[in-house]
Amino acid sequence: MTPANHQSPATNHQTPIRLYNTMSRKLEEFVPLIPGHVGFYSCGPTVYWYQHLGNMRAAVHFDIIKRMFMANGYEVNHVMNITDVGHLTSDADTGEDKMEKGAKRENKSVWEIAQTYMDAFLRDTDTLNIIRPTHLTRATDHIKQQIELIQKLEALGYTYEIPGEGIYYDTSKFSSYGNLGGQDISKLKAGARIDDTGKKNPTDFALWKFSPKDEKRQMEWDSPWGVGFPGWHIECSAMSMEYLGPHFDVHAGGQEHIKVHHTNEIAQSEPIVGKPWVNYWIHHEWLMSKEGKMSKSEGEVATVPDLVRRGYDPMAFRYLLLTGHYKSPIEFSWAALDAAAAGYKNIVRKVAGIIETVGANNHLPLQDIVFAEWHGKILGAVSDNLKTATALVYVQELLADDGADAATKIALFEFIDRLLGLQFTDRAQKLLAAENAPVPDEIQKLADDRNAAKAAKDWARADEIRAQIDAAGWAVMDGKDGVKITKK
């Protein structure tokens, strides 16, 4: 709560922004194509199942990119795709379509599966305080654009047909193929089954897949080449061009996308629009479990609703992610989340104390110079290749800064929440509201009965009453100053 009747001090929004560009393999200063605007595309989920916490690391990473640009005064046009068709179980365009697989698993239509798990994903992003994209685009809503893009590639001579299989992209025609991942296409040897597939080159990929003649798919469309469905790479090129134009600033995704998915996007886009299609490629590392990369194929994985069911504040998970750097793997464990939750709660408790200090004096002046100094340090850290961990160190230093008064600290934490999305002030205000909530008579009586049981050393009864209080939505805490009852 910024003190009423006071605007936050004016700050310089021209903070230099540096990002690690996968294409150049170096840190580069960000220069937008259009001053004051950022065109931003990020790879979204395939909606055939719930998104696990590894998937949500990606969503939080994209959110930090967007918030960083916004904090620097940019207008961000953010496009995220929803893959609801044409994503086979293998990057090599083989296997079973994941959407069809999900439909068979649950005995539902593919359309129902897509809607169910897209809605679940959006609930998870809301829970993690992720700003929704400007355009959330479904592949099935853009079949026309994908067909048109394939036709343009066909006219330029980049495609060929494998009878019975589909329309494929000839990667030998694109001299820059593999540059994003540092691959030398001339050294890539055909796999054992290349002759069987009919591909001209091992790196060739499907643009349009023909529906099997002996099988009726739930999702298939007419095309100039026959009934079928798009390959999963083409949707991102088609939809990014539709909403961001032929050239845009930033494309982000996981590091697993570099050598296949994003490499193929570049190959099918740049012959049409010219180079460079995208100016900055940003890739994050994985969330790891003890077994390795967190993925659905590895078995049971945790989800955002699992965190809530276990009693964690979802912001503790977001905080855990931001204590690391996006270019480094983060190992997830419940012990690591416990530590992050403790650290997060400690900051919230301190922010609540600052808000209490201000109290009713809600129009105290801010220290403009102090505000600008801390604002610049924290925004500067995140603008320097998204160093969120450094920003969180500065957050702790801000809390300990005796030279910053309470009103200024509150204003700074509101800025921090806009930048990092951690909702410190929101949680602090809820904590104060809970601590100050009047205790119902029936809860107070239970607390008195518990005190009596403890005095009689009837620990089992005391624990039983505590469980009753907890189930009623209240927490009872024993401290040196006595028993405290707060709303959960």
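The values are calculated or read from the model by the stated rules, or taken from the named source; none is laboratory data. Everything quoted here is computed from the prediction, not taken from an experiment. Backbone-built Cβ (ideal geometry, glycine too); neighbour counts: all protein chains shown. Please note that ligands, DNA and RNA were not included when accessible areas were found on the heavy atoms of the full protein model with its side chains. Shrake-Rupley method; radii C 1.70, N 1.55, O 1.52, S 1.80 Å.
Output the number of the condition that Tyr169 fails; it satisfies all remaining conditions of (1) at pLDDT 95 or above; (2) under 30 Å from Leu386 (Cα atoms).
Failed condition: (2).
If I filter segment 405-431 down to residues being open to solvent by 10 Å² or more (accessible area, probe 1.4 Å) and not in a helix (DSSP H, G or I), which single residue comes out as nearest to Phe371 (Cα to Cα)?
Asp405
Which of the following residues is touching a Ser or Thr at 6+ places or on another chain (Cβ under 9 Å), more than 20 Å from Ala155 (Cβ to Cβ) and open to solvent by 10 Å² or more (accessible area, probe 1.4 Å): Val260, Val250?
Numbers: Val250 fails: open to solvent by 10 Å² or more (accessible area, probe 1.4 Å).
The unique qualifying residue is Val260.
Could you list all residues from segment 207-237 that are open to solvent by less than 10 Å² (accessible area, probe 1.4 Å), small (Gly, Ala, Ser) and at pLDDT 95 or above?
Matches in segment 207-237: Ser237 only.
Pull up segment 184-206, narrow it to residues that are over 18 Å from Ala238 (Cα atoms) and aliphatic (A, V, I, L, M), then point me to the one that is modelled with the highest pLDDT.
Going residue by residue through segment 184-206, those that are over 18 Å from Ala238 (Cα atoms) are 184-204.
With aliphatic (A, V, I, L, M) added as a condition, the list becomes 185, 188, 190, 192, 194.
Working: Ile185: 74, Leu188: 61, Ala190: 44, Ala192: 36, Ile194: 45.
Looking at the filtered set, the residue picked out is Ile185.
Could you count how many residues in segment 300-329 are open to solvent by 20 Å² or more (accessible area, probe 1.4 Å), charged (D, E, K, R) and within 15 Å of Ala58 (Cβ to Cβ)?
Qualifying residue count, segment 300-329: 1.
Give the residues of segment 48-107 that are in a strand (DSSP E or B) and modelled with pLDDT under 80, sorted by residue number.
If the condition is that a residue be in a strand (DSSP E or B) and modelled with pLDDT under 80, then Leu88, Asp97 are the ones that fit.
Given the residues Lys454, Lys445, which is the only one that is open to solvent by less than 70 Å² (accessible area, probe 1.4 Å) and on the phi < 0 side of the Ramachandran plot? It would help to see each step written out before you state the result.
Values: Lys445 fails: open to solvent by less than 70 Å² (accessible area, probe 1.4 Å).
The match here is Lys454.
Hey, can you tell me all the residues within segment 330-370 that are within 27 Å of the chain's Cα centre (by Cα), outside any helix (DSSP H, G or I) and crowded, with 16+ Cβ neighbours inside 10 Å?
Keep residues of segment 330-370 that are within 27 Å of the chain's Cα centre (by Cα), which gives 330-349, 351.
With outside any helix (DSSP H, G or I) added as a condition, the list becomes 330-333.
Selection gives Ile330, Phe332.
Take residues that are in contact with a helix residue (DSSP H, G or I) (Cβ under 8 Å, 6 or more places away or on another chain) and tell me which of the helices (runs of 4 or more DSSP H) falling wholly in segment 108-211 contain 3 or more. Lay out the reasoning, then the answer.
Details: elements: 110-127, 143-155, 194-197.
Qualifying helices (runs of 4 or more DSSP H): 110-127, 143-155.
Farther than 18 Å from Tyr344 by Cα and among the hydroxyl-bearing types (Ser, Thr, Tyr): which single residue out of Thr425, Thr408 fits that description? Break it down into steps so the answer makes sense when it comes.
Values: Thr425 fails: farther than 18 Å from Tyr344 by Cα.
Unique residue meeting the criteria: Thr408.
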